[in-house]
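The values are calculated or read from the model by the stated rules, or taken from the named source; none is laboratory data. Everything quoted here is computed from the prediction, not taken from an experiment. All Cβ positions, glycine included, derive from the backbone under ideal geometry; neighbour counts span all protein chains shown.
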Amino acid sequence: MTAHHLLPADMRRLPSPWNDLTWERKPALDELPHTEATERAALDALAAALSGSSAPPVPRVWSDESWELFDRIRHEAGYRLDQVMPTADRFTREGIADVLREWAGAARLPVPSWWLEDQLDLIVGVLTDQVLQGWAHDVLRWLQQKPYDEAGVAAAAERCVENGLASQDAVNLLHALGTPHGEQALLRVVQDAGASENSRAQARDALLWLRRPGYDARARQPAQGEHPLLPPAVRELPYSWGAGFQWPVELPESDENIARARAILLACAPSEPVNEPVPAPSWHGYEDEEPPAWLEVRQVMRELMPYARLVTEERMTEATRECALLGIPGVPPDPNSEEAAHFVRRWTTWISGWIAGEVFTWLGMYVDDDTLVTSWAMELAERYARFGFVPEQAVAMLRGHDTVPRSREALARLAAEPTPSPPSPEPPPPPPTPS
C-alpha cells in the first residue's frame, strides 16, 4: 500500500538532526557547532520545509468533540506518535491512523471508532501543522544564536512569515538581525497582503523597536521653523504625551497653574458639536478583541512628538508617512493627499481633546478650592459636554465640584437637554484615478 506522506519530499530527504520530529531534536541542535557550513544546512532545511506539502486539505469544521478528542490525543498518544514516526520520512497519514486506532482501542475512556474516523482528517491536518511549527521553531531559534550570512538568514525568515511557518519566531529572528537585513525584511512583511494580519502586527511591533532610536533623535530636535498645529497656550504645556499629558498629582493650586489650565481649555474649546468623538486615552478590550489601529498610530506620533510644542505640520506629515510605511491599517498612503489632510486634522483634534481632558481631570480631582474654578471652569465644562468634546472628563469635573451651585445647574441642564447632533462629517476623498 502506498504511504501518504504529510511533509514535503525535500524535507523527507534531510539528514539528522534536521529530519528529527521528536523532543530530542532541540538538544541535538544545541550540540551543533555554529559554523557557516552548519548554518547553510539549517537554511537548506528551512527551504526544504517550505518547498511544498502533500498533506490533505483540512476540513474547516472544528467541533467540540474534535477539541476534546485532540486534547486527549496530545496527552495520551503523543509519545507513541513520536516512537512510531520519529523522522520526517516516516510521518504519514497511515502511521497517525494506526497509532490513533491502537490508542482508541486501549484508551482508559472509550473512544467510539466512528467518532475517530469522522475526525481523522482534521486531526491529521492539525498534527501535521503542529509538527512543522515546532520543528521550524527549533531551527529558527538555532539560527538566531549566531548568524553568519545575515542576508540569507533574513530571506529565509521572511519566507517563513510569508508562509505562516513559525511566524512569531521568524519575526523575532528578523528583529534580532536588526539593520539592515532584518529591518528591510520586516518592512516588506508589513506591506505583504499575503501575510496574515497577526504576522504583520508582530512585524510592526518589531519595527517600532528597531526604529525607535530614529524617533528619539527626531524628538530631541526643536521645532524651530516648523508650523505648529496647536494654539500657543497649549504648546506651553510642560507635560509629556508619553505620560498621557497628565498633570502631576502633587501640583500646587497656584495662580500660575490655574491660569494655565484656563488658557488651555479656552484655546481648545469647541465652537460647534464635533464630527467624531475623541477616543478614550486608554483602550480596554475583551481578550479576543483586536485593538483599534489608531493605538499603533498614536505610538508612532507620540514618539515623534512627545510634547505639545512639537505637534507641527512637518512632524505630522513625517508621522503619517512612517505609519504608512509600517503598514498600519487606515493610514493614507500619500501624505500629500486630501485624505491625509483629513487624517492630520482628526489627529490634531484628538490630541487637543486628550490635553483638555487631562486639564479637566486635574481641576476636578486635585483642585480642592472651589473658588479657583468658579465659575469659568463650570461654563467651559458645560460647553465641552454639550458639544461632545471630551464630555466624560468635563462632566466628571462638574461632579467633582458639585457643592458649587453653578456646577449643579450645569449638570441639571446637561441631563435635561438633548445633545445636538454633530454637523455632517467631511466627505471621504475620491478614490485615486487608475493610472
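For the range 64-110, give me each residue that is among the polar types (S, T, N, Q) and more than 14 Å from residue 22 (Cβ to Cβ).
Result: 66, 92.
Check the range 380-397 and report whether any residue there is over 36 Å from the mean Cα position of the chain (by Cα) and either among the small types (Gly, Ala, Ser) or not assigned by TED's automatic domain parsing to the domain that holds residue 273 (or both).
Taking every residue of the range 380-397 in turn, none turns out to be over 36 Å from the mean Cα position of the chain (by Cα) and either among the small types (Gly, Ala, Ser) or not assigned by TED's automatic domain parsing to the domain that holds residue 273 (or both).
Are any residues in the range 196-217 surrounded by 16 or more Cβ atoms within 10 Å (Cβ to Cβ) and farther than 21 Å from residue 306 by Cα, and if so, which ones?
Correct list: 199, 200, 201, 202, 203.
Taking residue 88 and the conditions (1) more than 15 Å from residue 3 (Cβ to Cβ); (2) touching a residue at least 24 places away in the same chain (Cβ under 8 Å); (3) surrounded by 15 or more Cβ atoms within 10 Å (Cβ to Cβ); (4) of a type outside the set (D, E, K, R), which numbered condition does it fall short on, given that it satisfies the others?
(1)
Looking at (1) free of Cβ contacts under 8 Å to residues at least 40 places away in the same chain; (2) crowded, with 20+ Cβ neighbours inside 10 Å; (3) touching a helix residue (DSSP H, G or I) at 6+ places or on another chain (Cβ under 6 Å), which is the one condition that is false for residue 332?
Here residue 332 clears every test but (2).
How many of the residues in the range 1-41 are surrounded by 14 or more Cβ atoms within 10 Å (Cβ to Cβ), under 15 Å from residue 142 (Cα atoms) and more than 36 Å from the chain's Cα centre (by Cα)?
Residues that pass the stated criteria total 0.
Quick check on my filter: what residues within the range 56-75 are modelled with pLDDT of 70 or more and either more than 36 Å from the chain's Cα centre (by Cα) or hydroxyl-bearing (Ser, Thr, Tyr) (or both)?
The one that is modelled with pLDDT of 70 or more and either more than 36 Å from the chain's Cα centre (by Cα) or hydroxyl-bearing (Ser, Thr, Tyr) (or both): 66.
So residue 372 fits all but one of (1) crowded, with 22+ Cβ neighbours inside 10 Å; (2) closer than 22 Å to residue 251 by Cβ; what number is the exception?
Failed condition: (1).
If the requirement is being surrounded by fewer than 17 Cβ atoms within 10 Å (Cβ to Cβ), among the acidic types (Asp, Glu) and modelled with pLDDT of 95 or more, which of these qualifies: 98, 44?
44
Could you please let me know if residue 275 is out of contact with any Ser or Thr (no Cβ under 7 Å at 6 or more places or on another chain) and at pLDDT below 95?
It is true that residue 275 is out of contact with any Ser or Thr (no Cβ under 7 Å at 6 or more places or on another chain) and at pLDDT below 95.
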